[in-house]
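Inspection log for the structure reproduced underneath, given as structure tokens.
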Amino acid sequence: MANLQELLRNRHLPGHAKGCYSVCTANPLAIRAAMRQAREDSSVLLLEATSNQVNQFGGYTGMRPADFREFVYELAKKESLPVEQVTLGGDHLGPNPWQREPAHIAMQRAEELIAEYAREGFVKIHLDTSMACAGDPSPLPPATVAERSAQLCAVAERSAEGAKPIYVIGTEVPTPGGAVEELSSLSVTTVSAAEETLAVHRQAFHARGLTDAFDRVIAMVVQPGVEFDHDSIHDYQPAAAGKLAYWLTSQDSLVFEAHSTDYQRPESYRQMIRDGFAILKVGPAITFAMREALFALAEIETCLLAQERCSHLRETVEQAMLVSPKDWKSHYHGTENEQRLLRIFSYSDRIRYYWFVPKVKAAVERLMENLRADAIPETLLSAYLPLEYAALRNGTLKLDPLEIVLHATQRSFRPYAIACRSYPAQ
């Protein structure tokens, strides 16, 4: 945590235009790929779980915060990454999973959630109380959002058993994980909105005696003008964010956290860090790359083996999504064929919710077993995964299905790592 805090607090000094990327995933293959990048860079890995993935009821992963921590540490052992290089965070921690409940019930559950995260050593906490609960006005008044954030911060301060957490306030528009509808326009957060967010949070924290905690607010989430929907990407435009970036230079010890930075051009990450968006969140792009690799291997498998021996991974995933459509149905619209294409290929990558389904996990394992028993011909690797073929030919990749998936997934981190000028772990 100290390294992360030091990096971000010093970013305004000459020669310190640095940043870090935050990995938002609970997928074990995606995490292992991120760990390999951190190991190569000798950098801290900032790894965050969301309130939907991991909570006191298990989330969609079935893990509580303590479970997730141990899960991550076990993966670190596999990847020979010292746990000291891993910083755990909680993303969008607040009443988000319980928005349909009245505010007092949703906030009670959010308090339990925050307490577990803080108690189990998650040191970077994104306080997100921006969502309206049952009976709330929508959108919530900024003062209400700030008061609820301070309420949760007080719980985190009481619950932390080791180092006190560092905090991120504010939220981005639209919702986490990519836009639900097609992008037509995207507004950068105004300076006045940023000023109000900071002011109302400062007031709410001080009113609760949380002055010391407010000093540990390292970042504020704003909309820098980046987003993606199902099949398009809104690229970063430095000129559009210029006023916001200039305002930040007057704020000591504060940076911006940018969400939904997936799929941006490599130069955009460098520009965003230069402009003060020093924490870059990446999520769906990781599992998007992983899915591409797994499905490419499944195509190779069908070239090599009789149908009765194949894993039928793609069909298994599709069936799992049709049997339980709750994680994609409200996001993907259109004809039956359009929805089918979105389930597989959408940038929002709702498939990521289904890798934890037992039948899907079993299909992935069978795919790995099959392609180890019947070695992948180099020519097929070239046909379906040409970048991995190139790595194989230059001696940096083994001809093993798991190594191929991890290599392809790790490629999604490299533009971030280069832009962030990875900082040393101690």
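Filtered by the rule that a residue be of a type outside the set (Gly, Ala, Ser), modelled with pLDDT under 65 and either part of a strand (DSSP E or B) or touching a helix residue (DSSP H, G or I) at 6+ places or on another chain (Cβ under 6 Å) (or both), the stretch 5-28 gives no residues. Flag: Glu338 matches the condition of being acidic (Asp, Glu), out of contact with any Pro (no Cβ under 7 Å at 6 or more places or on another chain) and within 19 Å of His230 (Cβ to Cβ).
Does Gln108 count as in contact with a Leu (Cβ under 6 Å, 6 or more places away or on another chain) and surrounded by fewer than 22 Cβ atoms within 10 Å (Cβ to Cβ)? Considered against the rule, which asks whether it is in contact with a Leu (Cβ under 6 Å, 6 or more places away or on another chain) and surrounded by fewer than 22 Cβ atoms within 10 Å (Cβ to Cβ), Gln108 comes out as no. Here Leu248 does not fit the description of being in contact with a Pro (Cβ under 6 Å, 6 or more places away or on another chain) and farther than 20 Å from Glu147 by Cα. Note on the stretch 29-58: among residues that are in a strand (DSSP E or B) and of a type in the set (S, T, N, Q), the one that is farthest from Glu79 (Cα to Cα) is Thr50. Among the residues of the stretch 41-76, those that are within 17 Å of the chain's Cα centre (by Cα) and hydroxyl-bearing (Ser, Thr, Tyr) comprise Thr50, Ser51, Tyr60, Thr61. Residues in the stretch 357-382 that are surrounded by 18 or more Cβ atoms within 10 Å (Cβ to Cβ) and polar (S, T, N, Q): 1 in all. Filtering the stretch 225-241 to residues that are within 16 Å of Arg270 (Cβ to Cβ), surrounded by fewer than 17 Cβ atoms within 10 Å (Cβ to Cβ) and not acidic (Asp, Glu) leaves Gln237, Pro238, Ala239. Checking the structure you have, find out if any residue of the stretch 295-308 is surrounded by fewer than 20 Cβ atoms within 10 Å (Cβ to Cβ) and among the polar types (S, T, N, Q). Yes, there is a match, as at least one residue in the stretch 295-308 is surrounded by fewer than 20 Cβ atoms within 10 Å (Cβ to Cβ) and among the polar types (S, T, N, Q).
Scanning the stretch 83-129 for residues that are assigned to a loop (DSSP other than H, G, I, E, B) and β-branched (Val, Ile, Thr) returns Val123, Thr129. With respect to (1) among the β-branched types (Val, Ile, Thr); (2) in contact with a strand residue (DSSP E or B) (Cβ under 6 Å, 6 or more places away or on another chain); (3) at pLDDT 95 or above, the lone exception for Ile31 is condition (2).
Scanning the stretch 257-296 for residues that are closer than 24 Å to Glu378 by Cβ and free of Cβ contacts under 8 Å to residues at least 60 places away in the same chain gives a single hit, Phe295. Of the residues making up the stretch 269-283, those that are surrounded by fewer than 23 Cβ atoms within 10 Å (Cβ to Cβ) and part of a helix (DSSP H, G or I) are Arg270, Gln271, Arg274.
Residues checked against (1) aliphatic (A, V, I, L, M); (2) at pLDDT 95 or above:
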{"residue": "Ala289", "(1), (2)": "yes, yes"}
{"residue": "Ala296", "(1), (2)": "yes, yes"}
{"residue": "Thr302", "(1), (2)": "no, yes"}
{"residue": "Glu336", "(1), (2)": "no, yes"}
{"residue": "Ile351", "(1), (2)": "yes, yes"}
{"residue": "Asp374", "(1), (2)": "no, no"}
{"residue": "Ala391", "(1), (2)": "yes, yes"}
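For the stretch 150-163, a residue qualifies if it is surrounded by fewer than 24 Cβ atoms within 10 Å (Cβ to Cβ) and either modelled with pLDDT under 95 or not in a loop (DSSP other than H, G, I, E, B) (or both), and the qualifying residues are Gln151, Ala154, Val155, Glu157, Arg158, Ser159, Glu161, Gly162, Ala163. Scan the stretch 130-139 and give yes if some residue there is in a strand (DSSP E or B) and either modelled with pLDDT of 95 or more or more than 26 Å from Arg352 (Cα to Cα) (or both), otherwise no. Yes, some residue in the stretch 130-139 is in a strand (DSSP E or B) and either modelled with pLDDT of 95 or more or more than 26 Å from Arg352 (Cα to Cα) (or both).
Those residues that are in contact with a Lys or Arg (Cβ under 9 Å, 6 or more places away or on another chain) and either of a type in the set (D, E, K, R) or closer than 16 Å to Leu304 by Cα (or both), I need them from the stretch 389-416; list them, please. If the condition is that a residue be in contact with a Lys or Arg (Cβ under 9 Å, 6 or more places away or on another chain) and either of a type in the set (D, E, K, R) or closer than 16 Å to Leu304 by Cα (or both), then Asp400, Pro401 are the ones that fit. For Glu299, the conditions (1) part of a loop (DSSP other than H, G, I, E, B); (2) in contact (Cβ under 8 Å) with a residue 40 or more places away in the chain all hold with the exception of (1). Could we say that Tyr354 is within 21 Å of Ala26 (Cα to Cα), crowded, with 18+ Cβ neighbours inside 10 Å and in contact with a strand residue (DSSP E or B) (Cβ under 8 Å, 6 or more places away or on another chain) here? Judged against the criteria, Tyr354 is not a match.
One residue alone among Leu385, Leu322, Leu341 is surrounded by fewer than 18 Cβ atoms within 10 Å (Cβ to Cβ), under 27 Å from Thr261 (Cα atoms) and aliphatic (A, V, I, L, M), and that residue is Leu341.
The values are calculated or read from the model by the stated rules, or taken from the named source; none is laboratory data. Just so we're clear, the structure is a prediction, and the values are computed from it rather than from any experiment. So basically every Cβ, Gly included, is an ideal-geometry build from the backbone, and we count neighbours across all protein chains shown.
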